[in-house]
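What follows is one structure encoded as structure tokens, with my remarks underneath.
The values are calculated or read from the model by the stated rules, or taken from the named source; none is laboratory data. Owing to the predicted nature of the structure, the values given are computational and were not obtained by experimental measurement. Here the Cβ positions follow ideal geometry from the backbone for every residue, glycine too, while neighbour counts run over all protein chains shown.
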Amino acid sequence: MAGVSVVGTDTTIGRLGTAWGPVWQVRGYEDVRQVLFDDRFQPVRPTSAVNVLLAEGRFDEASRLRERDPDAAADGSGGTEFDNATRVLRLRVMNTVAAPHNVRRRTGEMRKLADELSRHLAALPPPVNASQGYTAPLCARAMRVLLGISADESARFVSYVGSSTSAAGIAGVSPRVRDLIGRRQRDPRPDVVSDLVATVHDRRQLAQLTNVFTWLLMGSNWEVPSAVIDFALAQLFANPAQHRRLAADPDLLYTAVEETFRLFVAAEVERGGLVRRAVADVELGGVPVRAGDFVLADVAAANRDPRVFPDPAAFDAGRWPNPHLTFGHGTFMCKFIPMSRALVATGLHSLLAAVPGIRPAAAPAGPDPTERIRGDEFEDLWVTW
Ligand code: HEM
């Protein structure tokens, strides 16, 4: 991507030169918050091949594809229309899965799972790969726990969980989800799959529900909290004084988790920010943004704005208040926040308790002895104690 020229009144808005055309990059906390909150800025929905690239902030590639294949921009290149029915169903499922009573109902199981996995890890001869051997299996299984999938049923999904959103992964998970739904129709249980299945009345709705459950169980969802736990460990390793502080005062767990979220940079943000398209003329930080313009809300920069976060580069396990924007803001804000917080806190707490002397280690020569789940998308995080 070409360089940024700064045009905002207080250097928080820059203009990126891309092959697609100028794109506003918004970096100051208040302006990023406005972009995410103001419905005149809408996400780009992946309704065409070009929009898929635009939605991911890959403007140069989108421009090349539009030139090569005008059909790939079929819906007018960069529109904000999308399959609303899918989003609405996803949100309905998310509301049920992440509802406080479901989270409460499953928290004990989640803790038990974290404790089992961390004890298992602690019994292995170090060094071990904590990402493959702990955080990834924990988060993959936690998603199944939330859906009420029992330990026996869970085994059927194991070899597919690491396949992210690949066609092979979907082809593997989807029939298992159909099986599960069939079992819950015949024999309902006190879980969200049974609750949701009871609300659908035709085959089309059932197929849509199957797709949403399949989507939920795919790596692209649970890999994010897993990466956050890895990142929390990396922050503690890089800041031994904060690690000692947390060990001495377990009450800091929740502020440490929040600080981890503040500094965590999700893949879409790493590409420049959350992508929005203005659907009306808007003035932003003194800059006139025109309808149709693209805007990148650089959440990572906003989370490091020194006007809001003193000493922003420092990992401060006790930082409070911590109004970070890592989960977004406004209409499209993440629907999984309480669960993500609980999962990261439980995962971190259990590992630190089971392996108090945990510290980084170099990767050994030879094969990885930790249990590998299919798919190799995870960063390795080698630890010893
Ligand atoms: C744990 C780390 C996570 C982070 C940092 C995170 C971050 C985000 C962000 C920044 C957005 C807003 C995107 C935008 O405004 O364009 C978002 C939306 C969303 N997230 Fe998360 N997320 C996390 C975990 C999850 C998980 C595990 C799930 C599902 C299982 C999930 C489901 C969703 C959904 C459904 C939306 C879209 C809501 C909508 O369309 O209104 N998130 N997330």
Exercise for the section: Go through the residues of segment 313-323 one by one and say whether even a single one is of a type in the set (S, T, N, Q), crowded, with 21+ Cβ neighbours inside 10 Å and at pLDDT 95 or above. Expected result: no
Practice task
Only residues in segment 226-241 that are under 19 Å from Phe336 (Cα atoms) and in contact (Cβ under 8 Å) with a residue 12 or more places away in the chain count as the first member; pair them with residues that are of a type outside the set (Ser, Thr, Tyr) and part of a helix (DSSP H, G or I), Cβ under 6 angstrom, at least 6 apart or cross-chain, and list the lot.
Solution key: Ser226/Ala136; Ser226/Cys139; Val228/Val344; Ile229/Val344; Ile229/Gly347; Ile229/Leu348; Ala232/Leu348
Practice task
Within segment 276-316, track down each residue that is within 16 Å of the ligand (Cβ to nearest atom) and among the aromatic types (Phe, Trp, Tyr).
Solution key: Phe294
Exercise for the section: Inspect all residues belonging to segment 90-113 and state whether any of them is closer than 30 Å to Ala362 by Cα, away from the ligand (no atom under 15 Å from the Cβ), modelled with pLDDT of 90 or more and among the aliphatic types (A, V, I, L, M). Expected result: yes
Practice task
Consider Arg189 carefully, then state whether it is within 26 Å of Ile337 (Cα to Cα) and within 16 Å of the ligand (Cβ to nearest atom).
Solution key: no
Exercise for the section: Go through Asn211, Asn239, Asn221 for me and flag whichever is more than 16 Å from the ligand (Cβ to nearest atom) and polar (S, T, N, Q). Expected result: Asn239
Fill in the blank from the handout: In segment 326-364, anything within 16 Å of the ligand (Cβ to nearest atom), hydrophobic (A, V, I, L, M, F, W, C) and not in a loop (DSSP other than H, G, I, E, B) is listed as Phe332, Ile337, Met339, Ala342, Leu343, Val344, Ala345, Leu348
Practice task
Return yes or no: is Gly273 small (Gly, Ala, Ser), touching a helix residue (DSSP H, G or I) at 6+ places or on another chain (Cβ under 8 Å) and within 30 Å of Asp39 (Cβ to Cβ)?
Solution key: yes
Exercise for the section: Give the number of residues within segment 313-351 that are under 14 Å from Val32 (Cα atoms) and under 12 Å from the mean Cα position of the chain (by Cα). Expected result: 4
Exercise for the section: Could you tell me which numbered condition Asp191 fails, if it satisfies all but one of (1) out of contact with any Gly (no Cβ under 6 Å at 6 or more places or on another chain); (2) at pLDDT 90 or above; (3) crowded, with 17+ Cβ neighbours inside 10 Å? Expected result: (1)
Exercise for the section: Would you be able to tell me the number of residues in segment 102-141 that are surrounded by 24 or more Cβ atoms within 10 Å (Cβ to Cβ), in a helix (DSSP H, G or I) and out of contact with any helix residue (DSSP H, G or I) (no Cβ under 9 Å at 6 or more places or on another chain)? Expected result: 0
Problem - Residue selected from segment 22-37 under the condition aliphatic (A, V, I, L, M) and within 15 Å of the ligand (Cβ to nearest atom), by the criterion surrounded by the fewest Cβ atoms within 10 Å (Cβ to Cβ) - result: Leu36
Problem - Looking only at segment 253-275, and only at residues there that are touching a residue at least 60 places away in the same chain (Cβ under 8 Å) and away from the ligand (no atom under 11 Å from the Cβ), the one that is surrounded by the most Cβ atoms within 10 Å (Cβ to Cβ) - result: Ala256
Problem - Residues satisfying the stated conditions in segment 194-219, i.e. surrounded by fewer than 16 Cβ atoms within 10 Å (Cβ to Cβ) and hydroxyl-bearing (Ser, Thr, Tyr) - result: Thr199
